[in-house]
Amino acid sequence: MNTHARLVHDYEAGIGVTASTVAPGPDPGGNLAATLPVWSLAAGSVAALSAAANRMRAVRGLDPVAHRIDPRRITAAFTSDRLIRIDGQTPKAFADLSGFFPTFDGWVRTHANYPHHRTRLFAALGMPESAPVDLAVTQMAMLRAEDLESRAAAHGAIAVRVRTEAEWAASPQGRAAAEGPPVAITPRSDRCEPGLPWGAAPLQPLAGYRVLDLTRVIAGPVATRTLALLGADVLRLDPPQLPEISWQYADTCQGKRSTLVDLRTHRIDELISTADVLITGYRPGALERAGVHGASRPGLVHGRVSAWGDTGPWGGRRGFDSIVQAASGIAILEGAPAVPGALPAQALDHASGYLLAAGVIDALVARSDDGVGRDVRVALARTASWLLDAPHRTPQHPEATMPSSAEVVRHGRVVTAAPVLAEYPDYAWPAPDYGADRPAWPLSTH
């Protein structure tokens, strides 16, 4: 079996085999207690990452690391929003118009944490942004859930009708989300000279690789934070006109460098042409329309994370973990038709992030042999489909408990969850000042 065929075989098997053999049943500490097997998803995605890291060590002539599946580390990392403290305070995870809201005939879930999403939601409701929140909630209650969902999509806002599992499975977008492996690795026609960079060490198997990070929120930043933990030089690019939410940045930018680039006015071809990996979290086609093309670097590994995937009628829509939970039936399973609920963590985001990192590492392993560029894709909705299809549901479960406060790292005014891999006591450095670096690679990395 050639290198690519082996990768396809491994990921078509999905994380199900890993999860069932490493972590069946509920998590030992109860931090991820839920109807669905969230612990299996979490532990399986981390086990997949650990296995990929050891495959990279093997091709670089390093001894494998006997990674421990540490439940306390894993659940702390997956529930990092419950552990983060800034100046001793817990940030508010969701804004006033982010959440479940009743409609005329059901429920919707909205996401308006970013100011531009809040503006678009008011526009979808036909209201000025200066209108009181209570009036917006009343307006939602007067609309049909599906009508509000359609209005939101038309305005670039984020709101979905809360569906049952059966409704999602029967829908075109639900069927599209269920297709394919949890991690899709696809070779392209471009190639570079096979080989490996210099400088690897057992806990730094990715040393010498350059990763350009064009992601936000959780899944993409978790993937790139993981690549940085394993030794890659990660440069995160953010648009200056749309600042990141500060606590999310502090929670997911450890070990990286940060710069601000307006892709509407500045091209980043030179950065891409000297990178090994490009990770993007924009909707399919959005970056290409802005002139960002991974093909400018032969042999580039392009990791992509999206909410709904590249196919199906929702491929171009915006979405977040909480939104995918609501649309896919998870919210009903974790609550009730009368009162929707949620998973005890943004588990779709975190698991997708670790799976994307694993896929990128394996694509780099394959490239070291054949020089071929590859696309690596994950989607929150595909991860949700895996979770919904997984065995061992626990409808009668206790309430999820708080993660251990011992599994944190402290840097000045910021306390965040420790790395998910138990062999690492901390990240190389805490999240730097936002936009503190130049849009360039250090001369010493290649």
Worksheet item: Top to bottom by accessible area (1.4 Å), largest first, where do 253, 192 land?
Response: 192, 253
Discussion item. Viscosity 1.567 mPa s, temperature 4 °C: give me the Stokes-Einstein translational D for the stretch 57-167 in µm²/s, with Rh taken as the Kirkwood radius over C-alpha pairs.
Written reply: 77 µm²/s
Discussion item. If you roll a 1.4 angstrom probe over the protein chains with everything in place, what fraction of the accessible area of the stretch 283-439 belongs to carbon and sulfur, to the nearest %?
Written reply: 54 percent
Discussion item. For 151, 161, give me the order by solvent-accessible area with a 1.4 Å probe, most accessible first, ignoring ligands, DNA and RNA.
Written reply: 151, 161
Worksheet item: Want the number for residue 369 to residue 429: 0.36 nm per residue separation, take away the alpha-carbon distance, what's left?
Response: 18.4 nm
Worksheet, complete the sentence: Any DSSP H helix in the chain with Cα axial reach of 24 Å or more and mean Kyte-Doolittle score of at least 0.0? Listed by number, the hits are 38-59, 347-370
Discussion item. As a test question: what accessible area, to the nearest 10 Å², does residue 320 have when a 1.4 Å probe is rolled over all protein chains in place?
Written reply: 30 Å²
Worksheet item: Taking the Cα atoms of the stretch 212-331 alone, what are Rg (to one decimal) and Dmax (as a whole number) in Å?
Response: 14.5, 44
Worksheet item: How large is the helix-only mean residue ellipticity at 222 nm for the chain, computed as the sum of -39500 (n - 2.57) over DSSP H runs with n ≥ 4, divided by its residue count, in deg cm²/dmol to the nearest 500?
Response: -10500 deg cm²/dmol
Item to complete: For the stretch 37-112, with all protein chains present and a 1.4 Å probe, just round the carbon and sulfur fraction of the accessible area to a whole percent.
Response: 53 percent
Worksheet item: Among 92, 256, what's the order by accessible area (1.4 angstrom probe), most exposed first?
Response: 92, 256
Worksheet item: When N is the residue count of the stretch 231-277, what does its C-alpha Rg come to as a fraction of 2.2 N^0.38 Å?
Response: 1.25
Worksheet item: Expressed as a whole percentage, what fraction of the accessible surface of the stretch 189-282 belongs to carbon and sulfur atoms when a 1.4 Å probe is rolled over the protein heavy atoms?
Response: 58 percent
Fill in: Charge dipole (debye, nearest 20) of the stretch 357-446; +1 at Cβ of Lys and Arg, -1 at Cβ of Asp and Glu
220 debye
Worksheet item: How much accessible surface does residue 268 have with a 1.4 Å probe, in Å² rounded to 10?
Response: 10 Å²
Worksheet item: What accessible area per residue comes out for the stretch 65-201, rounded to a whole number of Å², with a 1.4 Å probe?
Response: 47 Å²
Practice prompt. Counting only heavy atoms of the protein chains, get the accessible area per residue of the stretch 326-446 (1.4 Å probe) and round it to a whole Å² value.
Written response: 39 Å²
Discussion item. Solvent-accessible area of residue 179, probe 1.4 Å, all protein chains present, reported in Å² to the nearest ten, please.
Written reply: 120 Å²
Worksheet item: Kirkwood Rh over Cα pairs of the chain into Stokes-Einstein at 37 °C, 0.692 mPa s: D in µm²/s?
Response: 149 µm²/s
Worksheet item: Can you give the three extents of the C-alpha atoms in the stretch 144-187 along their principal axes, from longest to shortest, in whole Å?
Response: 41, 25, 12
Worksheet item: Rg/Rh for the stretch 387-446: what does it come to with C-alpha atoms and Rh from Kirkwood?
Response: 1.17
Discussion item. Given N residues in the stretch 215-258, what is its alpha carbon radius of gyration divided by 2.2 N^0.38 Å?
Written reply: 1.06
Worksheet item: Rg/Rh for the stretch 150-282: what does it come to with C-alpha atoms and Rh from Kirkwood?
Response: 1.04
Fill in: Convex hull projection area averaged over all views, the stretch 356-424, Cα basis, nm²
8.8 nm²
Worksheet item: Restricting attention to the alpha-carbon atoms of the stretch 150-224, what are Rg (one decimal) and Dmax (integer), both in Å?
Response: 19.7, 52
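The values are calculated or read from the model by the stated rules, or taken from the named source; none is laboratory data. Remember, predicted model here, so these are calculated numbers, not experimental data. A quick note on method: Cβ atoms are made from the backbone with ideal geometry, for glycine too, and the neighbour counts reach across all protein chains shown. Areas reflect the complete protein model, heavy atoms only, side chains present, ligands, DNA and RNA absent. Shrake-Rupley method; radii C 1.70, N 1.55, O 1.52, S 1.80 Å.
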